[in-house]
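Read the structure below first, then the notes.
The values are calculated or read from the model by the stated rules, or taken from the named source; none is laboratory data. Model, not experiment: these values are computed from the prediction. All Cβ positions, glycine included, derive from the backbone under ideal geometry; neighbour counts span all protein chains shown. Protein only, heavy atoms only, side chains kept; ligands, DNA and RNA dropped before computing areas. Shrake-Rupley method; radii C 1.70, N 1.55, O 1.52, S 1.80 Å.
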Amino acid sequence: MRFVVKISILLVLVCSFAMYSVHLYTDTKLLKKSTRLTDAAFEGKMIWQQNNCQSCHQFYGLGGYLGPDLTNVYSTKDKGTGYIGIMVQNGSITMPAYKMSKTEIEKVTEFLRCMDETGKADPRTFKATETGNITREDEQ
Ligand code: HEC
């Protein structure tokens, strides 16, 4: 008898796990947010990798920590396209200047625009739901 109870509990837990997994991986709202790079953004990503920007910068908190997280630099008020171009071209005291061509800068900026579209990286903008998932302000 005790064996039957144990097996039932195990089955309930396994089923719950399976249902929760299916729910998470088929959430269309989340799937829509997965990265879709345009052709220019893909080339921008190559430039990003060749210049090792990630060694100092992060996306969603992952990367090097000398420079700031760039996930949402594109949509941040008073930053965006022109600002990104100026930073990459001229650098600052702590960031090296990259003498890139106008098209290269446009491609890197397009890459940062696509990354920005994937969501908000600042955990202070997240809210926990009753199920323990996280919603972000841009999804409400
Ligand atoms: C050696 C480290 C380093 C590398 C490599 C680097 N950066 Fe930076 N970056 C920084 C630092 C540090 C800052 C902050 C500078 C400041 O505020 O004076 C910064 C700032 C920026 C900013 C402005 C961010 C903001 O929120 O104000 C952008 C955009 C940027 N970097 C893009 C790039 C790109 C694109 C590359 C690669 C081509 C790159 N960085 C490579 C260190 C780096």
Given (1) under 15 Å from A41 (Cβ atoms); (2) at pLDDT below 95; (3) within 16 Å of the chain's Cα centre (by Cα), identify the lone condition not met by Y60. (1)
Kindly evaluate I93 against the criterion of being among the aliphatic types (A, V, I, L, M), part of a loop (DSSP other than H, G, I, E, B) and without any contact (Cβ under 8 Å) to a residue 24 or more places away in the chain. yes
Just need a number here: residues in the stretch 65-82 that are near the ligand (Cβ under 7 Å from one of its atoms) and free of Cβ contacts under 8 Å to residues at least 24 places away in the same chain. 3
Within the stretch 91-140, of all residues that are among the hydrophobic types (A, V, I, L, M, F, W, C) and under 30 Å from L24 (Cβ atoms), the one most open to solvent (accessible area, probe 1.4 Å) is I134
